[in-house]
């Protein structure tokens, strides 16, 4: 009796072994190295959101510090709920409505991916969460343009609608395997980690919002000093660190492509900050800490679309170029007098456009050769790729600007977005949240 | 000369500051202070007297010549009250000011204000 139990146990075990090896043959298995790096990247990208909260929070006046940080944390909460519910399906489901957006009802609440391992050898859960962090930070970036003057309820509704109607479609076009920008030209529009999807879409929306909502009370007549540049610098540091997940994670691998993306990210950030510092020294005689922080961001934004295709020399050039053009854009903004309070367009919009277009001049030859091999005529030039890039940038700008304006008007007329003069004078912390950020320090 | 010391709610600072500038009272000193007035009366809680919380307030110090006392005080009152007749809108103290000296020019008295 006992013998037969053991024998059947051994048989069962053998059967299991056979079954599992058979499974291995027909199914993709996880690669623990890639999965581990993608999990790390996912966490790093989320770290950018509190980083952004600190970056923006330090730049506003004391009375608005919590209200401004709540714009970032609010995105973490609201998109954190929306993304697994519908956002992932809208962005990465198979195209519906003529490829306008994705949808797969199996992906509603991420139901269909419980067992799924992707061809990239990571569980689809990891990919869905990694992409979710991008969806969170993108609307949070917009908040810099209308800092210190929006209603929290209106903001919450705006980013929810924006995420569904602007972010998800653009994300689908650029990153879903059946997206039309993904398949444009010889080898697709190049957007490695979100130049169009994240930075241009949010930057352009920021500009439209700043123009539609109008200036802060007293701008530009009254000086509005940052309440805590120390916090801004810590935030810029967290963004830089988090960006390694943002860019090097976007390879969805843990290999040579990851190493390349990480290297050019580091080079572009440093070169952007260096260029900004040099420009300031020549222009004002002093290098400012806010200038260095802005230069870091300009460099990082510009390398975002390019991190998969350029070499370190290209990263150096893109960082420096983005810093000079963003610096000029902010000077022009001050001339024109519109109130993009924390330069969401000046850095993310302009830097993103510079990166997405100028990257074509620095593409590594191997990529161009691969692209040429995919065409019928076996040739593919920099100028043809520039055309593809310009199309992607143009489509993103036109779509984000139009839809955002519609959403802004809609939210303003229903819930209300611009706060009353009285609330604006009291500050967001008091009027929106009933709190104050600091104890006895920092008065302005 | 008088020294006007006003204690107001932090969320009314911008209202008061702007109103003062409109009324041509532009020389002010502002500090963040804490304290308690009648806003939180001392409670008896389970038979124990509880000290009220210290509440953040803004203190304005404004030195003025005698003829500007009324306009300054009226301006502060109008801008600092928030209309809800809630307690905690603040207080104004007026004290005689013996001397005022401008450090740069060593001027003394009313012209130095």
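The values are calculated or read from the model by the stated rules, or taken from the named source; none is laboratory data. Everything quoted here is computed from the prediction, not taken from an experiment. Cβ atoms come from the backbone with ideal geometry, glycine included; neighbour counts cover every protein chain shown.
Report those helices (runs of 4 or more DSSP H) wholly inside the range A:345-444 carrying at least 2 residues which are without any contact (Cβ under 8 Å) to a residue 60 or more places away in the chain and away from chain B (no Cβ under 14 Å). First the steps, then the outcome.
Values: elements: A:350-358, A:365-374, A:382-414, A:421-426.
Because the criterion is at least 2 residues that are without any contact (Cβ under 8 Å) to a residue 60 or more places away in the chain and away from chain B (no Cβ under 14 Å), the helices (runs of 4 or more DSSP H) in the range A:345-444 that meet it are A:350-358, A:365-374, A:382-414.
Consider residue A:353 carefully, then state whether it is modelled with pLDDT of 90 or more, touching a strand residue (DSSP E or B) at 6+ places or on another chain (Cβ under 8 Å) and surrounded by 13 or more Cβ atoms within 10 Å (Cβ to Cβ).
On the way: modelled with pLDDT of 90 or more: yes; touching a strand residue (DSSP E or B) at 6+ places or on another chain (Cβ under 8 Å): no; surrounded by 13 or more Cβ atoms within 10 Å (Cβ to Cβ): yes.
Considered against the rule, which asks whether it is modelled with pLDDT of 90 or more, touching a strand residue (DSSP E or B) at 6+ places or on another chain (Cβ under 8 Å) and surrounded by 13 or more Cβ atoms within 10 Å (Cβ to Cβ), residue A:353 comes out as no.
Scan the range B:63-73 and tell me whether some residue there is within 11 Å of another protein chain (Cβ to nearest Cβ), closer than 30 Å to residue B:100 by Cα and modelled with pLDDT of 90 or more. Let's see the steps before the verdict.
Start the filter on the range B:63-73 by keeping residues that are within 11 Å of another protein chain (Cβ to nearest Cβ), which leaves none.
Within the range B:63-73 (the criterion being within 11 Å of another protein chain (Cβ to nearest Cβ), closer than 30 Å to residue B:100 by Cα and modelled with pLDDT of 90 or more), the answer is no, since none of the residues qualifies.
Hey, residue A:30 hits all of (1) more than 16 Å from the chain's Cα centre (by Cα); (2) at pLDDT 95 or above; (3) surrounded by 15 or more Cβ atoms within 10 Å (Cβ to Cβ) but one; which does it fall short on?
Looking at each condition in turn, residue A:30 falls short on (2).
Does residue A:341 count as away from every other protein chain (no Cβ under 14 Å), in contact (Cβ under 8 Å) with a residue 24 or more places away in the chain, out of contact with any helix residue (DSSP H, G or I) (no Cβ under 7 Å at 6 or more places or on another chain) and crowded, with 22+ Cβ neighbours inside 10 Å?
Values: away from every other protein chain (no Cβ under 14 Å): yes; in contact (Cβ under 8 Å) with a residue 24 or more places away in the chain: yes; out of contact with any helix residue (DSSP H, G or I) (no Cβ under 7 Å at 6 or more places or on another chain): yes; crowded, with 22+ Cβ neighbours inside 10 Å: yes.
So residue A:341 fits the description; yes.
Going through the range A:109-118 one residue at a time, which ones are out of contact with any helix residue (DSSP H, G or I) (no Cβ under 6 Å at 6 or more places or on another chain) and surrounded by 15 or more Cβ atoms within 10 Å (Cβ to Cβ)?
A:117
If residue A:175 satisfies all but one of (1) touching a helix residue (DSSP H, G or I) at 6+ places or on another chain (Cβ under 6 Å); (2) within 22 Å of residue A:302 (Cβ to Cβ), what's the number of the condition it fails?
Against the list (1) touching a helix residue (DSSP H, G or I) at 6+ places or on another chain (Cβ under 6 Å); (2) within 22 Å of residue A:302 (Cβ to Cβ), residue A:175 comes up short only on (1).
So, residue A:127, is that one more than 30 Å from residue A:63 (Cβ to Cβ) and out of contact with any helix residue (DSSP H, G or I) (no Cβ under 6 Å at 6 or more places or on another chain) or not? Walk me through it before giving the result.
Working: more than 30 Å from residue A:63 (Cβ to Cβ): yes; out of contact with any helix residue (DSSP H, G or I) (no Cβ under 6 Å at 6 or more places or on another chain): yes.
So residue A:127 passes the test.
Determine whether the range A:56-65 contains at least one residue that is more than 18 Å from the chain's Cα centre (by Cα), without any contact (Cβ under 8 Å) to a residue 40 or more places away in the chain and outside any helix (DSSP H, G or I).
The initial filter retains those residues of the range A:56-65 that are more than 18 Å from the chain's Cα centre (by Cα), namely A:57-65.
Filter again for without any contact (Cβ under 8 Å) to a residue 40 or more places away in the chain, leaving none.
Taking every residue of the range A:56-65 in turn, none turns out to be more than 18 Å from the chain's Cα centre (by Cα), without any contact (Cβ under 8 Å) to a residue 40 or more places away in the chain and outside any helix (DSSP H, G or I).
Name the residues in the range A:95-108 that are touching a helix residue (DSSP H, G or I) at 6+ places or on another chain (Cβ under 9 Å) and not in a helix (DSSP H, G or I), would you? Break it down into steps so the answer makes sense when it comes.
The first filter runs over the range A:95-108 and keeps only residues touching a helix residue (DSSP H, G or I) at 6+ places or on another chain (Cβ under 9 Å), leaving A:95, A:99-108.
A:95, A:99, A:100, A:101, A:102, A:103, A:104 - these are the residues of the range A:95-108 that are touching a helix residue (DSSP H, G or I) at 6+ places or on another chain (Cβ under 9 Å) and not in a helix (DSSP H, G or I).
Regarding the range A:268-289, can at least one residue be identified that is in contact with a strand residue (DSSP E or B) (Cβ under 7 Å, 6 or more places away or on another chain) and assigned to a loop (DSSP other than H, G, I, E, B)? Quick ask: steps written out before the conclusion?
Initial filter on the range A:268-289 (in contact with a strand residue (DSSP E or B) (Cβ under 7 Å, 6 or more places away or on another chain)): none.
No, the range A:268-289 contains no residue that is in contact with a strand residue (DSSP E or B) (Cβ under 7 Å, 6 or more places away or on another chain) and assigned to a loop (DSSP other than H, G, I, E, B).
For the range A:163-185, indicate whether the set of residues that are in a strand (DSSP E or B) and farther than 18 Å from residue A:308 by Cβ is non-empty. So that I can check it myself, show each step before the final result.
In the first step, residues of the range A:163-185 are kept if they are in a strand (DSSP E or B); the result is none.
Looking through the range A:163-185, none of the residues is in a strand (DSSP E or B) and farther than 18 Å from residue A:308 by Cβ.
Name every residue in the range A:250-296 that is buried (at least 16 other Cβ atoms within 10 Å of the Cβ) and on the phi > 0 side of the Ramachandran plot, in order of residue number.
A:252
Considering only residues that are buried (at least 18 other Cβ atoms within 10 Å of the Cβ) and under 13 Å from residue A:269 (Cβ atoms), which ones fall in the range A:227-237?
A:236
If you go through the range A:400-408 one residue at a time, do you hit one that is in contact with a helix residue (DSSP H, G or I) (Cβ under 8 Å, 6 or more places away or on another chain) and at positive phi?
Taking the range A:400-408 as the starting set, the residues that turn out to be in contact with a helix residue (DSSP H, G or I) (Cβ under 8 Å, 6 or more places away or on another chain) are A:400-401, A:403-405, A:407-408.
From what's left, at positive phi: none.
Scanning the range A:400-408, I find no residue that is in contact with a helix residue (DSSP H, G or I) (Cβ under 8 Å, 6 or more places away or on another chain) and at positive phi, so the answer is no.
Of the residues in the range B:16-53, how many are within 14 Å of another protein chain (Cβ to nearest Cβ) and either at pLDDT 75 or above or not in a loop (DSSP other than H, G, I, E, B) (or both)? Explain how you work it out, then say what you get.
Residues of the range B:16-53 within 14 Å of another protein chain (Cβ to nearest Cβ): B:16-22, B:26, B:28-35, B:53.
Subsequent filtering for residues that are either at pLDDT 75 or above or not in a loop (DSSP other than H, G, I, E, B) (or both) retains B:16-22, B:26, B:28-35.
Final tally of qualifying residues: 16.
If the requirement is being surrounded by fewer than 19 Cβ atoms within 10 Å (Cβ to Cβ) and modelled with pLDDT of 95 or more, which of these qualifies: A:134, A:130, A:152, A:158? Steps first, answer last, please.
Details: A:134 fails: surrounded by fewer than 19 Cβ atoms within 10 Å (Cβ to Cβ); A:130 fails: surrounded by fewer than 19 Cβ atoms within 10 Å (Cβ to Cβ); A:158 fails: surrounded by fewer than 19 Cβ atoms within 10 Å (Cβ to Cβ).
Step by step, each of A:134, A:130, A:152, A:158 is checked, and only A:152 is surrounded by fewer than 19 Cβ atoms within 10 Å (Cβ to Cβ) and modelled with pLDDT of 95 or more.
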